[in-house]
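> First the structure, then my questions, so here it is.
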Amino acid sequence: MQIYDPLSPIDSAGNRTTYFAGNVIPTSRLTAAGQSILSYYPLPNVPGASATGGNNYVATQTSYASTYPSIIVRLDQAIGSKNKLNVILFRSGLTQQGPHEGFPKEIGPGDCGVCFYHVYRNNRGGSLDDVHVFSSTMVLDSRLGVLFHPFGLVYPDNSGFDLSKIGMSSTGLPYASFPGINPSGYAQLPAAARGQVSTNMTGALEEVLTKTIKNHTLRFGFEGNLIRYNVQNPQSGYGALSFDSRFTQKNYQTGDATSGNAVAALLLGSFSSASYGITPAYALQQIYIAPFVQDDWRVTRKLTVNLGFRWDYESPFSERHNKQVAGFCTTCASPLQSAVPGLTLNGGLQYTSSSMLDPYPKDLNNFQPRLGFAYQAFENTVVRGGFGIIYFNTLESPVGTGFDQSTSYNNYTTNTPLNSLSNPFPTGVLLPTGSSLGLSSALGQNISFYDPHHVLPKSTQFSASVQQGFGGGLSLQLAYVGSRPTQLEVNHNINAVPAQYWNQGGAGANFLNAAVANPMAGQIPQSTNLNGATINRYRLLVPYPQFQAVTELASSIGRAPYDALQIQVSKRMRHHYSFQANLTWDKVMLHTFYYDDYAAGTGKLASQQDGNPVLFGNIFGTVELPKLLSRPAYARLALGGWQVNAVARFSGGPMVNAPGNVAIIGDYHQPHQTY
């Protein structure tokens, strides 16, 4: 293996003409940064291993400690005869300190995700529960709880790292961290800025007043939650510095197997690519409130009715510093329009502000009636039914386009490195623009935003059953259970070629892909395929040509109907045995995504059966063995009074996917499709 000089002259064939004799790099050419970083590696401990391609190190010190102390204190206090107070305080914390696997400093090998990391997962909080009896017919239960959860998965030198310790400059870098070192063919040193730090505080209040009036049991209640979540994931700082053989091999264009080495490039300070990332730290808040009322009404000896009503409000996550996209204005003229007169350019991102904190409007229409009944039609026959509407809680991550920024580049154009390892970013790194660019934010890029009409997912549920009792404690129940989840979240691209251009055969495809003059040439330097002199025609036909994909997140248009037949047979313990068997036959149809942009453009959601098994069965029973009371004591103790329990579960298999890389012959649609 021959090491060539990256600064060597190049002959007409593209070959370097100067190499290091005996593969000894002169001391004057060794960079301080390369030598410092190499000191983070352990020495080989496998004698005789090949210098290239062979494993010459076996890790040591691979175990690590994990501690989880937990303290819980509880106080129960009766205050008079009508008030009982319960207080619980708790404190717990998981702490882990990763192993070093024999690496001499605070950075471990890249294939060890836990090396040198420090994890803390703490819980602090408590609850208060007060039950007050006003009278024999009225009781108030008040509950208050608080949970504080600091979490960190951090690596040494993840922030505030003195880069001069390893011979590198921090000029122009807003965050200083140990860089990832990726030498091709060797163990990697991972970037230190890859962990997460967060705190989560949740406060909960619940009030339930129960009042009995004759045949009615009334419950009036309220639930409220406040969530405050501060998080940065991942942390900001250096990404990876990659090293390969391109600068130390004979021919910088073609390469070969007998020259060049990544560690030599490291010592020479000749990296091939570099990256740096800045991610936002969010301070999020969400409020949830839900008043409700419930009436359990025993109408007659044979009929019981349950009536209920609930209203839910779940606020969108607001961000304290307004680091969120608030939507996409489809009708706003782009600031780029004046420079591109021959093409209509509408659309751009909008951001939250002090006057508009939420990324989408509040959803105040979540009314939930509930109705249930049980009726004893005959002595051994009970009919039950129920209907209700339920809204699901959601957790939308913030879209912070403009508040994160990455800088990366290849450190070459021809045969020599552009920059040295001592200062990979001599002109600094790109900084986030935040919301300052307004409608010009993220031009030429993929963008996303939450559907401005987003509402909570909703499920209408209903059921009906008949239970028949037979002699000997045997009963049979047949039930139908249905659910109609709607307003489910669907993500889709709204920046697609209009539907009339699809399915036009080869001529249509050639028309769309043809290169034409680009009216946006030179206006979008962030995107090579939108900035050139020519452009594919289809890129000019989309609604918002100045962007790539424009993804509308969490559109409340999906649905997933569910139907199930449930059969249950049970026998109470009699004659020393009991058993229960149940069978569920169900089906879920998924209309929760689009197959492609054409389907999204025409509004046709996918119609696909859920691939999980549709048949489930369980049988379990108990047999009591004789107690052998007439037998000697040793026989009674050894063999008498035992119970034998058995459980059997049955399930159909999942659906088989269509094979890939084959042509489906014939019409693949189901005949008489009704879903």
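> Short version: what are the Cα gyration tensor semi-axes of the chain, square root of 5 times each eigenvalue, largest first, in whole Å?
Working: eigenvalues 696, 280, 183 Å².
Here the semi-axes work out to 59, 37, 30 Å.
> Net charge within 9 Å of VAL133 by Cβ-Cβ distance, Lys/Arg positive one each and Asp/Glu negative one each, not counting VAL133 itself?
Values: positive: LYS82, LYS84; negative: none.
Once all neighbours under 9 Å are counted, the net charge is +2.
> Could you give the size of the charge dipole of the chain about its Cα centre, using +1 on the Cβ of each K and R and -1 on the Cβ of each D and E, expressed in debye and rounded to the nearest 20? Write down the numbers at each step before the final one.
Details: 41 positive and 36 negative charges, 431 e Å.
In total the dipole reaches around 2080 debye.
> Filter the trypsin sites (Lys or Arg not before Pro) in the stretch 257-343 to those in DSSP coil with at most 10 other Cβ atoms within 10 Å of their Cβ, and list the result.
Values: sites: ARG298, ARG301, LYS302, ARG310, ARG320, LYS323; in loops: ARG301, LYS302, ARG320, LYS323.
Loop-located and lightly packed - ARG301.
> Want the number for GLN96 to ASN122: 0.36 nm per residue separation, take away the alpha-carbon distance, what's left? It would help to have the intermediate numbers written out before the result.
Values: separation 26, 0.36 × 26 = 9.36 nm, distance 1.16 nm.
Stretched fully, the GLN96-ASN122 segment lengthens by 8.2 nm.
> Moving to a separate point now. Report the full-extension gain for the segment VAL569 to LEU629: residue separation times 0.36 nm, less the Cα-Cα distance, to one decimal in nm. Can you show the working numbers first?
Details: separation 60, 0.36 × 60 = 21.60 nm, distance 3.28 nm.
The span from VAL569 to LEU629 would gain 18.3 nm if fully extended.
> Follow-up. Full-extension gain between VAL647 and LEU430, please, as 0.36 nm times their residue separation minus the C-alpha to C-alpha distance.
Working: separation 217, 0.36 × 217 = 78.12 nm, distance 6.24 nm.
Length gained, VAL647 through LEU430: 71.9 nm.
> How far apart, in nm, are two points set 7 Å out from the Cα along the Cα-to-Cβ line at LYS211 and at PHE387?
2.7 nm
> Based on the mean of other beta carbon atoms within 10 Å per residue, what is the order of 490-501, 623-634, most packed first? Walk me through the numbers before you get to the answer.
Working: 490-501: 17.8, 623-634: 11.7.
Going from most to least packed, we get 490-501, 623-634.
> Could I ask something else about it? From the backbone phi of the stretch 68-78, what are the Karplus-calculated ³J(HN,Hα) couplings (6.51 cos²θ - 1.76 cosθ + 1.60, θ = phi - 60°) in whole Hz, Gly and Pro given as x?
So the J values, rounded to whole Hz, are 8, x, 9, 10, 10, 10, 10, 10, 10, 9, 8.
> In the stretch 545-576, which residues have a backbone nitrogen under 20 Å from the label point lying 7 Å from ALA377's Cα in the Cα-to-Cβ direction?
564-570, by backbone N distance to the label point.
> I'd like the carbon and sulfur percentage of the solvent accessible area for the stretch 538-627, probe radius 1.4 Å, heavy atoms only, ligands and nucleic acids excluded. If you can, show how the numbers build up before the last one.
Numbers: 2730 of 4700 Å².
Taking all protein chains in place, the stretch 538-627 shows 58 percent carbon and sulfur surface.
> Given +1 on the Cβ of Lys and Arg, -1 on the Cβ of Asp and Glu, and no further charges, what dipole in debye does the stretch 105-172 carry about its Cα centre, rounded to the nearest 20?
Working: 5 positive and 7 negative charges, 23 e Å.
In total the dipole reaches around 120 debye.
> Which residues among the stretch 117-137 fall inside the zone where the amide N is under 11 Å from a point 7 Å beyond the Cα of ALA65, along Cα→Cβ?
none
> Additional query: Within straight cross-link reach of LYS84, meaning Cα distance under 17 Å, which aspartates and glutamates are found once same-chain residues fewer than 8 apart are removed?
In chain and number order, the partners are ASP76, ASP129, ASP130, ASP141, GLU206, GLU207.
> Then there is this: Among GLY102, GLY125, VAL114, flag the residue with its Cα farthest along the positive direction of the charge dipole of the stretch 28-134, charges on Cβ as +1 for Lys/Arg and -1 for Asp/Glu.
Farthest towards the positive end: GLY125.
> Can you give the accessible area per residue of the stretch 340-482, in Å², using a 1.4 Å probe?
Working: 7090 Å² over 143 residues.
Counting only protein heavy atoms, the per-residue value for the stretch 340-482 is 50 Å².
> Continuing with this model, one more query. Can you list the HN-Hα couplings for the stretch 282-297, worked out from phi with the Karplus curve (6.51, -1.76, 1.60; θ = phi - 60°), rounded to whole Hz and with x for Gly and Pro?
So the Karplus estimates, Gly and Pro as x, are 9, 10, 9, 9, 9, 10, 10, 9, 7, x, 8, 9, 9, 10, 9, 10 Hz.
> Quick check: at a probe of 1.4 Å, how many percent of the accessible area of the stretch 1-152 sits on carbon and sulfur atoms?
On the way: 5340 of 8870 Å².
C and S atoms contribute 60 percent here.
> Let me ask another. With a Förster radius of 60 Å, plug the Cβ-Cβ distance of HIS132 and THR413 into 1/(1 + (r/R0)^6) and report the FRET value to the nearest 0.05. Mind showing how you got there, number by number?
Values: r = 78 Å, r/R0 = 1.30.
The computed FRET efficiency comes out at 0.15.
> Reachable lysines from LYS604, Cα under 29 Å, same-chain residues fewer than 8 places away excluded?
LYS362, LYS458, LYS587
> Using modelled backbone amide H atoms (1.01 Å from N, in-plane), which distant-in-sequence or interchain residues come within less than 5 Å of LEU345's amide H?
Placed amide hydrogens put SER334 under 5 Å from LEU345.
> Whole Å is fine, so just give me how far the alpha carbon centre of the stretch 593-657 lies from that of the stretch 352-407.
So the two Cα centres are separated by 30 Å.
> Please give every one of the lysines within straight-line cross-link reach of LYS105, meaning a C-alpha to C-alpha distance under 21 Å, and leave out same-chain neighbours fewer than 8 residues apart.
Those lysines meeting the cut-off are LYS165.
> What residues have an amide H closer than 5 Å to that of ASN495, excluding those fewer than 5 places away on the same chain, when H is modeled at 1.01 Å from N in the peptide plane?
Residues meeting the amide H criterion: VAL550.
> What FRET efficiency do you get for ASN233 and GLN445 if R0 is 22 Å and r is their Cβ-Cβ distance, rounded to the nearest 0.05? Display every interim value, and only then the final one.
Values: r = 21 Å, r/R0 = 0.97.
Calculated transfer efficiency: 0.55.
> In nm, to one decimal, how far is the ALA204 label point from the SER607 one, both placed 7 Å along Cα→Cβ?
In this crude spin-label approximation the distance works out to 4.1 nm.
> Can you tell me the dipole magnitude for the stretch 339-424 around its Cα centre, using point charges on the Cβ only (Lys, Arg +1; Asp, Glu -1), in Debye to the nearest 20?
Values: 3 positive and 5 negative charges, 24 e Å.
My answer is approximately 120 debye.
> Using alpha carbons only, how many angstrom separate the centre of the stretch 13-51 from the centre of the stretch 98-175?
A separation of 39 Å, based on Cα centres.
> Computing the accessible area with a 1.4 Å probe over protein heavy atoms, can you report the carbon and sulfur percentage for the stretch 277-320?
Numbers: 1230 of 1940 Å².
Reported share for carbon and sulfur atoms: 64 percent.
> Positive end of the charge dipole of the stretch 529-621 (Lys, Arg +1 and Asp, Glu -1 on Cβ, about the Cα centre): tell me which of SER555, GLY603, GLN568 has its Cα farthest that way.
Projecting each Cα onto the dipole axis, the largest value belongs to GLN568.
> Another one. Distance in nm between label sites at GLN253 and HIS149, each 7 Å beyond Cα in the beta-carbon direction?
A separation of 5.8 nm, rounded to one decimal place.
The values are calculated or read from the model by the stated rules, or taken from the named source; none is laboratory data. For clarity, every value in this text was computed on a predicted model and none was experimentally measured. Glycine gets a Cβ as well: all are built from the backbone with ideal geometry, and neighbour counts include every protein chain shown. Accessible surface areas use protein heavy atoms only, side chains included; no ligands, DNA or RNA. Shrake-Rupley method; radii C 1.70, N 1.55, O 1.52, S 1.80 Å.
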